[in-house]
Amino acid sequence: EKVEADPKIEKFIKDCENRPICRHTTLVNLISSGCLRLMRYTLLLDEIAKYTQVDHPDFQYAVKAIECSKDVSTFVNSGIREAENYQTLVSIQNNLDRSFIDLSNNPFVMEYKAFDLMQHRLLHFEKVTCKLPESEDVALKALLLDGYFVLLEIKDDKFLLKCDNWAEIEPHSTKDKQKSNIQIPIMRIADINVHASKTDKRTLVVVNVAASPQLAYNLETESRNAKDEWLKQIEQAKK
């Protein structure tokens, strides 16, 4: 974005990319080439081990090299994912509208006024659709943080942190008179149960068991695989 906004920087990068030593490779491709090369090393070592006799002195070293190469690739990919997730969180934070929470005087909202996205690590995220039987579908950004599950309403280019009626009351749930009916879109991981919908293969059901009555969020994902990934990520975060 900064490159596109500054013609001088854009021209400088283009001039560098056009130099013979760069072989007409773009800056983006040059940055990623190191990571891509790591995967090729693993493939190369696999081929070496494949054509090396098991009783040959070098075979055990080839196997060990494969293991080390895979460990390095896993470490690098993890670092890349962490960096990308951090940048995603920064972008969301810069476009976050939390006025509903900040201006609310509801006592059940007070503890969330100090909640800061940037104090947490982003583990998984996706655009989902909240399905309600008697209302229009709502586009949400679901965030899985270390310790929290957060739902943000998508409004144009903004993300709204607000309390709204996105959830259904769980059947057989009892109501505690000391608790509020307000639906807080910030849930502790320890306070949610998650399972696949019985009627829709793409839908994830997140139940806030700490709410009274308990609240169920029916979140439609992009695909069945995306739903399965959410199940896996949330279960891992709960451990």
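The values are calculated or read from the model by the stated rules, or taken from the named source; none is laboratory data. Fair warning: this is a prediction, and the values are worked out from it, not measured in the lab. Virtual Cβ from ideal backbone geometry, glycine too; neighbours counted across all protein chains shown. The protein model used for the area step is the full one, side chains on, heavy atoms only, and it has no ligands, DNA or RNA in it. Shrake-Rupley method; radii C 1.70, N 1.55, O 1.52, S 1.80 Å.
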With the charge dipole of the chain built from beta-carbon charges (+1 for Lys and Arg, -1 for Asp and Glu) about the Cα centre, the Cα from T129, Q119, L103 projecting farthest to the positive end belongs to Q119
Heavy-atom accessible area per residue of the range 1-154, all protein chains kept, 1.4 Å probe, expressed in Å², is 70 Å²
Top positive-direction residue, dipole computed over the range 1-98 with Cβ charges, set Q53, Q87, S69 = Q87
Cα Rg, Dmax, the range 1-118, angstrom units | 24.1, 75
Restricting to Cα pairs under 8 Å and 6 or more apart, the percent relative contact order of the range 76-178 works out to 25 percent
Surface share of carbon and sulfur [accessible, 1.4 angstrom probe, percent] for the chain = 53 percent
Just order 99-107, 140-148, 39-47 by mean Cβ neighbour count inside 10 Å, highest at the front, would you?
-> 140-148, 39-47, 99-107
Which label in (1) 63; (2) 56; (3) 35 gives the computed percent of Cα pairs over 26 Å apart | (2)
Taking Cα pairs closer than 8 Å and at least 6 residues apart, the relative contact order of the range 23-138 in percent is 19 percent
With +1 on the Cβ of every Lys and Arg and -1 on the Cβ of every Asp and Glu, the dipole magnitude of the chain about its Cα centre, in debye rounded to the nearest 20, is 220 debye
The range 41-90, dipole about Cα centre (Lys/Arg Cβ +1, Asp/Glu Cβ -1), debye to the nearest 20 = 80 debye
With 19 Å as the limit, write out which pairs from K198/K238; K155/K232; K131/K227; K70/K227 have Cα-Cα distances beyond it, or answer none.
-> K198/K238; K155/K232; K70/K227
